[in-house]
Amino acid sequence: MSYEYVVLLAGAVAAPGDVPAYVRAQQGNPISEDMRFVVHALQLWNDELPVIHRHAMLRVEAAGNAVRVTPADKFDRRRSRGSAVDSAADVIRRLLETATTGLGYQIYDAQRHTLWSP
């Protein structure tokens with residue numbers, strides 16, 4: 001099981017079910033200036049990870065007005081006996097919320113099929 005989040009401009013879609021089609025429609029478009037900040041924050045996460053935690057790197061795909069983020073399938077299994085994916089997903093959700101709060105973005109959680117504004 002893997003988690004996926006999509007950051008998009010608020011109001012770009014009417015409902016959570018519209019997000020996958022919206023992301024497909026953005027493919028091939030250059031990343032917008034509005035989304036560069038989000039990509040930069042996510043790249044900082046990857047850049048700041050110590051070598052021993054490289055397994056927690058994010059996969060970031062950006063096109064047009066959408067940034068798709070896939071947390072690593074492994075986080076730090078020593079911290080919890082629960083699912084490592086759940087641990088990574090919660091941390092990345094908080095990172096996305098912090099990076100986008102008050103900036104007019106929405107976040108889509110593909111696992112929970114929800115769309116919200118931080």
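Using 0.36 nm times the number of residues separating Thr98 and Phe37, minus their current alpha carbon distance, what extension gain do you get?
20.8 nm
Modelling each spin label as a point 7 Å along the Cα-to-Cβ direction, I'd like the Ser117/Met57 distance in nm, to one decimal.
Using points 7 Å along Cα→Cβ, the separation is 3.5 nm.
Read-outs: derived from the displayed coordinates by stated rules, not from any lab. On a predicted model such as this, the values are computed, not experimentally measured, just so you know. Counting neighbours? That spans all protein chains shown, and the Cβs are built from the backbone with ideal geometry, glycine included.
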